[in-house]
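What follows is a short report on a single structure.
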Amino acid sequence: MSDHTAVIQDVVPVIDITDLRSDDVARRRAVGKEIDGACREIGFFQITGHGLPDELVAGVYDTAKEFFAQPMATKREVAQPNPKTVRGYTAVGEQAFAYNEDTSAPGDLHEKFDVGPHVVSDDPYFSIENAGPHFIPNQWPSSPAGMQQAWESYFEAADDLCRLIMRGFALGLDLPEDFFADKIDKDISMLRAIHYPHQEEPPAPGQMRAGAHTDYGSLTIVRPEVAPGGLQVFTQDGDWVDVPVIPGALVVNIGDLMAQWTNDEWISTRHRVANPPRDVVADTERMSIVFFHQPNYDAVIEPLPTCVAAGEEPRYAPTTSGDHLTMKFEKTHQKA
Ligand SMILES: O=C(O)CCC(=O)C(=O)O
Ligand SMILES: [Fe+2]
């Protein structure tokens, strides 16, 4: 795929991002333009040539699997402390992504474990007083051994990959290539393992593995798993379409902040995780690893002048990355 042609697999294009690391700006820009096309059409794409090592994926995957297999009392030792502090364990049914859409629904059929940045710095910028919940330390379980190290390594690699993709975003939007750099150098991103247990019983009416939602931040990188009942995107035509799992590829989608930055020229597409069909007799367990890239808490997000036509009003008032995220966290726990 060295000619950068997007391969249309259903509605989500596959983009080889190898050339984002090229010395040749024309090659970097060509990838940026492919990304721009995908973000205007559907807000989702799959990446190959991303360079995220398999060992790092396996490190998070294996430790997460072991963690979720432990007794509930052990998992509860690192329970998420409150809606605003997304650190630690959330059990099945405790929240629902669909609450973000002000929809009432039974709790989602997943459990999850979340961590945030692990930077250690005395700089007052990172203190709880200034930063609110965004740099609160992570909670690590006593077992499995090696979980913290595996997750921190993945976090750093995924964060670097997001910085690279954001350079591609800037090129795709005809901005200076480093436009986003000073807005994501102290990012408040999050890493999550999300586990969808095998469904013995049929779900309650309206209950999903993960209800329909848009993501909150700049971009999300999902490492999915082949299993019945997977990720689906809502197309502009109003259809739910499966996102195919391509071995070695990662799924990327943009979140609300990129839509706001681009004044909705780029689409923050709704997505959900469907329940497995009831006629599947095999185990339907599924787990994905999700990295939510989120700019610095004080980064001001407002429509780029280049995305607002002359004489038109921007569609969004300025917000900060941190305030937007906190508002979303609170909603995810509130039944509409
Ligand atoms: O598990 C997945 O494939 C996606 C999960 C998701 O959309 C999310 O956690 O925001
Ligand atoms: Fe999502």
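Couple of notes before you dig in:
- Take the conditions (1) within 20 Å of the chain's Cα centre (by Cα); (2) farther than 19 Å from A64 by Cβ; (3) surrounded by fewer than 21 Cβ atoms within 10 Å (Cβ to Cβ); (4) more than 16 Å from ligand 2 (Cβ to nearest atom); S153 misses just one of them, which is (2).
- Identification of helices (runs of 4 or more DSSP H) wholly contained in segment 13-124 with 3 or more residues that are over 24 Å from G230 (Cβ atoms) yields 25-41, 72-76.
- Segment 85-120, subset small (G, A, S), more than 14 Å from Q139 (Cα to Cα) and out of contact with any Pro (no Cβ under 8 Å at 6 or more places or on another chain), residue surrounded by the fewest Cβ atoms within 10 Å (Cβ to Cβ): S104
- Number of the condition not met by Y196 [criteria: (1) at pLDDT 95 or above; (2) more than 10 Å from ligand 1 (Cβ to nearest atom)]: (2)
- Of all residues in segment 210-230, those being within 12 Å of ligand 2 (Cβ to nearest atom) and at pLDDT 95 or above number 7.
- Single match in P137, P133 (criterion: at pLDDT 85 or above, part of a helix (DSSP H, G or I) and of a type outside the set (F, W, Y)): P133
- Any chance N263 is touching a residue at least 60 places away in the same chain (Cβ under 8 Å), touching a Lys or Arg at 6+ places or on another chain (Cβ under 6 Å) and either surrounded by 22 or more Cβ atoms within 10 Å (Cβ to Cβ) or not aromatic (F, W, Y) (or both): no
- Annotation: V115 fulfils all but one of (1) farther than 15 Å from G88 by Cβ; (2) touching a Leu at 6+ places or on another chain (Cβ under 9 Å); the unmet one is (1).
- Boolean, D242 is away from ligand 2 (no atom under 11 Å from the Cβ) and of a type outside the set (S, T, Y): yes
- Qualifying residue in segment 16-27 (condition: under 19 Å from H271 (Cα atoms) and surrounded by fewer than 22 Cβ atoms within 10 Å (Cβ to Cβ)): no
Rundown of residues vs (1) at pLDDT below 95; (2) hydrophobic (A, V, I, L, M, F, W, C); (3) farther than 20 Å from T214 by Cβ; (4) not in a helix (DSSP H, G or I), yes/no style:
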{"residue": "T306", "(1), (2), (3), (4)": "yes, no, yes, no"}
{"residue": "A309", "(1), (2), (3), (4)": "yes, yes, yes, yes"}
{"residue": "R315", "(1), (2), (3), (4)": "no, no, no, yes"}
{"residue": "D323", "(1), (2), (3), (4)": "yes, no, no, no"}
{"residue": "F329", "(1), (2), (3), (4)": "yes, yes, no, no"}
{"residue": "A336", "(1), (2), (3), (4)": "yes, yes, no, yes"}
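- Residue-level check: of (1) surrounded by 13 or more Cβ atoms within 10 Å (Cβ to Cβ); (2) at pLDDT 95 or above; (3) not polar (S, T, N, Q), D242 misses just (2).
- Checking D36 against (1) modelled with pLDDT of 95 or more; (2) at positive phi, the condition it does not meet: (2)
- Single condition G248 does not satisfy, out of (1) more than 11 Å from ligand 2 (Cβ to nearest atom); (2) among the small types (G, A, S); (3) within 14 Å of the chain's Cα centre (by Cα): (3)
- Among the conditions (1) under 19 Å from I17 (Cβ atoms); (2) aromatic (F, W, Y); (3) at pLDDT below 95, F179 misses just one, which is (3).
The values are calculated or read from the model by the stated rules, or taken from the named source; none is laboratory data. Because the structure is a prediction, the values reported are computed rather than measured. With ideal geometry, Cβ positions are generated from the backbone for all residues, glycine too; neighbour counts draw on all protein chains shown.
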